[in-house]
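The values are calculated or read from the model by the stated rules, or taken from the named source; none is laboratory data. Predicted model, so just to flag it, every value in this text is computed and none were measured. Cβ: placed from backbone, ideal geometry, glycine included. Neighbour counts: every protein chain shown.
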Amino acid sequence: MADGHRVVETPTGLLVETPRRPPLVVALEPWGFVAGDARFALTAVLALGEHLAAALARAPRTRRPLHGPPRPPPHAWTLAGHALRLRQRRLPVVNPTAAAVLDAVDAVTDDPPALAGDRTLYDDAWLVRDVVRHRAAAIALGYVHRLRPDADAAGRRAALARWRDLFSPTGVAHRSLDRTLMNLAASVPAALVPLLRHVRLSHPVTDPVVLTTLCLAVEAYARLDRLNALHAGHAAIFQRADAGAIVSALAVLSDAIGLPLRADQPEHLRRLVQLVADDPAPYGGALPGLVARAIRHHRGRRVTTAPIPATSLRTARPPIPLPEVPGIRFLDTVAAIRAEAAAMDHCIADYADGAVGGRCYLFSVTHRGTRASIEVSPEGRVVQACGPRNTDTIAAHWGTRHLRRWARALWPPAARLAHEAAARRRAARRAAMAAPPPRLL
């Protein structure tokens, strides 16, 4: 390690050697790490790395930048990587049950909860067995903070005893949901599975493409506050659709926007369901027909006839400074939004009411001779990026990249900290893989 520090693996843990002071000793115990008088949970490898780095530097444990969450001191990521590798190598011997649970949770989330390493969780042998055997149970543990946001640690532990119920809109699992969860494919993004709690399944959904599309539909309709429209009929259309119908629907959209779309790409499926969510009117046919109708809806309403605010009204400004990137322009009035709709030949004008109310922020992007319109949510997510007539353009990709970086400042504090922690954990894993193995005593 830089500055003369060296990490040595011992039979019981790590020894961080430094030329000017006694070595730091880290021991791995069945339920955590011990570094001197400090104890750290099994999931707190980054906190351990920051503690060790601060001790080596004789500096405060964190440095606070001008914007965003505190940054770790130098070498924290590398030291956390060594701690993570120690846990991966030694925990299967020290505590094989906890090692198996952490491996299962690490496979479904970059931000494993502290509860995954809490010894009280392991009092429920049936829950531990399910987490190790079933991907859906590992997702329930990894995302329990989203499934039970208002509960404390004890409440979440109690809820996990009946983890299938966490995915039910009624709070009680049923046969179709049970079969769906027990046959959950690895290709279904884990972060989408908790969305099942917003829809009642009429039959088991085991095809990964169909289940991913259904979860993405729940996400899109919830963002637009249109879950009633989903429940009233569109959910049945998505559940009736098989993988072939989804491929056909993607082909309809692909022909309309001139962009090849694939069913194994969640972002392509997200684009499909977003298009349909913008047209919530009842429909009695199949998914390809619903997509075709949504395309006609978009093309026919480039200057909307729906009630919208007067063109002289200004849209709500973001609570952070606007991006100062040439080629990215914030649409600050309803008139500017309607002009964008007319120029781009799509239905961005339908979002004018939301822009005035602060429910979305709309931008016009110009780059390398191409144009795009981009919507950013108040939570800091780029929701849509479309060129003329909803086509794909260079400006859409370029603008999305810049606006994603800008929008991070909109994230709620908890989301920023979780993202930063997840990024640090990924860096720690990369450091652990890239660093040479520690010398054995």
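Within region 165-176, residues that are over 13 Å from Leu147 (Cα atoms) reach partners that are assigned to a helix (DSSP H, G or I) and basic (Lys, Arg) with beta carbons closer than 8 Å, at six or more positions or on different chains, in the pairs Ala173/Arg164. Every condition in (1) more than 18 Å from Trp411 (Cα to Cα); (2) in contact (Cβ under 8 Å) with a residue 24 or more places away in the chain holds for Ala385 except the one numbered (2). With respect to the conditions (1) in contact with an Asp or Glu (Cβ under 7 Å, 6 or more places away or on another chain); (2) on the phi < 0 side of the Ramachandran plot, Gly171 lacks only one, and its number is (2). Report yes if some residue within region 88-98 is modelled with pLDDT of 90 or more and polar (S, T, N, Q); otherwise report no. The answer is yes, given that some residue of region 88-98 is modelled with pLDDT of 90 or more and polar (S, T, N, Q).
Is it the case that some residue within region 135-154 is in contact with a Lys or Arg (Cβ under 7 Å, 6 or more places away or on another chain), at pLDDT below 95 and assigned to a loop (DSSP other than H, G, I, E, B)? Looking for residues that are in contact with a Lys or Arg (Cβ under 7 Å, 6 or more places away or on another chain), at pLDDT below 95 and assigned to a loop (DSSP other than H, G, I, E, B), one finds at least one in region 135-154, hence yes.
Before we move on, is Arg179 in contact (Cβ under 8 Å) with a residue 40 or more places away in the chain and in a helix (DSSP H, G or I)? Answer is no for this residue.
Among the numbered conditions (1) more than 23 Å from Arg39 (Cβ to Cβ); (2) not in a helix (DSSP H, G or I), the only one that Leu127 does not meet is (2).
Close Cβ contacts (under 6 Å, 6 or more residues apart or on different chains) running from residues in region 259-276 that are part of a helix (DSSP H, G or I) to residues that are at pLDDT 85 or above and of a type in the set (Lys, Arg) comprise His268/Arg262. Taking each residue of region 93-106 that is under 10 Å from Pro30 (Cα atoms) and looking for partners that are in a helix (DSSP H, G or I) with beta-carbon atoms closer than 6 Å, six or more apart or interchain, yields Ala99/Leu91; Ala99/Pro92.
Yes/no per residue for (1) outside any helix (DSSP H, G or I); (2) closer than 15 Å to Phe167 by Cα; (3) of a type in the set (Ser, Thr, Tyr); (4) at pLDDT 95 or above:
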{"site": "Ser187", "(1), (2), (3), (4)": "yes, no, yes, no"}
{"site": "Val193", "(1), (2), (3), (4)": "no, yes, no, yes"}
{"site": "Ser202", "(1), (2), (3), (4)": "yes, yes, yes, no"}
{"site": "Leu211", "(1), (2), (3), (4)": "no, yes, no, yes"}
{"site": "Glu219", "(1), (2), (3), (4)": "no, yes, no, no"}
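Set side by side, the residues Arg338, Arg314, Arg329 differ, and just one is modelled with pLDDT of 90 or more, surrounded by fewer than 20 Cβ atoms within 10 Å (Cβ to Cβ) and under 26 Å from Gly358 (Cβ atoms), which is Arg329.
In the condition set (1) touching a helix residue (DSSP H, G or I) at 6+ places or on another chain (Cβ under 6 Å); (2) crowded, with 17+ Cβ neighbours inside 10 Å, Asp345 is compliant with all but (2). Do we find a residue being within 30 Å of Ser377 (Cβ to Cβ), under 19 Å from the mean Cα position of the chain (by Cα) and in contact (Cβ under 8 Å) with a residue 60 or more places away in the chain anywhere in region 195-214? Yes, that holds for at least one residue.
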